[in-house]
Each structure stands twice: as structure tokens, then as C-alpha cells.
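Heads up: the structure comes next, in C-alpha cells.
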Amino acid sequence: MEDEKEGMPLIGDKFPEMEVQTTHGMMKLPTEYKGKWFILFSHPADFTPVCTTEFVAFQKRYPKFRELNCELIGLSVDQVFSHLKWTEWIKENLEVEIEFPIIADTGKVADTLGLIHPARPTNTVRAVFIIDPESIIRAILYYPQELGRNMDEILRMIKGFRTIDKEGVALPANWPNNEIVDDGVIIPPPTDVKTAKERKDKENCYDWWLCYKKI
């Protein structure tokens, strides 16, 4: 009996090991970024309007990502020559130089990551994988072809994960501008009756199970 094909990687899984051809040469993932956060994002194709705006937006924020010890790497089912020509066009016409690598995929990488939609078998979907310094997938985002991504949200997620890991907390909606706790962070719930009772009377607690703190 043939071995069943493994499914696409999920949140909490280790990013699968692979060797990829990129505009910066051959790279081994996730080894290349060991000890760093990295974002692998796929786009449907080179020389397409939405994707072009996305690459410019990512590049504009690239210094902010790097300040957070986070790298970027793009991917589509295009040859490396197409990637090179496209980034050349962006530099010449939009005056933005794309500094991060782009994977030239034959479809193998996209298939491993579950990025090929059956309705569009030649294009990768618009996806984002956020991988932590231990090579663990922390988040996966998907967007339709007609809707460009919000890079500020992706940047916020990196800041959020770093805060979660450092402080051992959870983050509220729209952090750091939440409607209830503002820039506060949610502390873990109590694990015993005594602590639960004590929290009910504390400042920054709406109830024993909903408390926050400032950092």
C-alpha cells in the first residue's frame, strides 16, 4: 500500500525542510533563517497589478521587519528570470529596489505548502506563513487574488508574537489599541479558587477571568 501523502503544514508544525532557488541564489529553508523570524508569502504571479503593489508595500516596511529580527521571502510559480525582470521593472518604474529574495518555484514548493488552488492550478494563492526563530509556524493567512494584503497587520503580528513570547500573555483585539484595555495585555487566567477570588477586587480586572496589565 502506498504511503499517504502528508497534508499541508499547520500552525504549530515545524516548517518543512526544503532547498529552493531564489533571486539570491540557492537557499535551505528553514535553516537559512534559524534564530530569526521569517515571513514566507506567496503571490499568484509576477507582472500582476496587486502583487506589484504588495511587493512595494513589503519593501517599504522591510527595515521595520528587520528591526524585529524578521526576514521576508516571496514565492510564486515563475522562473527566476521572470522574478529578476519584474523586480528590475519595479526599480526602474517605481523607484523601489526589492531587497528580499523571491523563490522561483516549479510548483513543488507550493504543493508542499498547500498553495495551489484546484480552480487555478497554475497559480499560487495569496498566502502568508509566519515562522518563529525555532522554525515553528505561528500563523497562516490566506487572501483571495483580488484583495491585496495589509502589511501593517503582518508587522503588528510579529510585534504581537514577540510580546506574547517575552511576557507570557495573550493580546486583545486590535492590540495595541483595544477598545477595552487600550494597550494592555491579557494575563493568564487563575488556576485556583483563592487567586480567582483575589483578582475580582483588583484594579485592571473586569472579573477573575478577564484581567490585564500594562507593559
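Note on N204 and E95: with the Förster distance fixed at 41 Å, the Cβ-Cβ geometry gives a FRET efficiency of about 0.30.
With axes computed from alpha carbons, what is the tilt in degrees of helix 80-94 against the longest principal axis of the chain, rounded to the nearest 10 within 0 to 90? That works out to roughly 70 degrees. Against the chain, whose longest principal axis is taken from its Cα atoms, helix 151-167 shows a tilt of about 50°.
When both bridge partners sit in region 13-77, DSSP labels roughly 45% of those beta bridges antiparallel. Quick check on my link table: of K36/K85; K34/K159; K85/K159; K34/K213, which ones sit more than 25 Å apart, alpha carbon to alpha carbon? The answer is K36/K85; K85/K159; K34/K213.
Rounded to the nearest 20, the size of the Cβ-charge dipole of the chain about its Cα centre is 640 debye, with Lys and Arg at +1 and Asp and Glu at -1. According to the Cα-based calculation, Rg over Rh for region 108-215 is 1.13, with Rh computed by the Kirkwood formula.
So, counting K/R as plus one and D/E as minus one, what does the shell of residues with Cβ under 15 Å around L40 add up to? It works out to a net charge of -1. Could you tell me whether the chain comes out rounded, prolate or oblate from its Cα gyration tensor? Rule is a ≥ b ≥ c as square roots of the eigenvalues, rounded for a/c under 1.5, then prolate if a/b exceeds b/c, otherwise oblate. Cα axes put the chain in the prolate bin. Using a probe of 1.4 Å on the protein chains alone, the accessible area found for V109 is around 20 Å². Accessible surface for the chain, divided over its residues, is 57 Å² per residue with a 1.4 Å probe.
Taking all protein chains together and rolling a 1.4 Å probe, D192 ends up with roughly 70 Å² accessible.
The values are calculated or read from the model by the stated rules, or taken from the named source; none is laboratory data. Keep in mind that this is a model prediction, so the values were computed, not measured. Using ideal geometry, Cβ is built from the backbone for each residue, glycine included, and neighbour counts are taken over all protein chains shown. Calculation scope for accessible area: heavy atoms of the full protein, side chains included, ligands and nucleic acids excluded. Shrake-Rupley method; radii C 1.70, N 1.55, O 1.52, S 1.80 Å.
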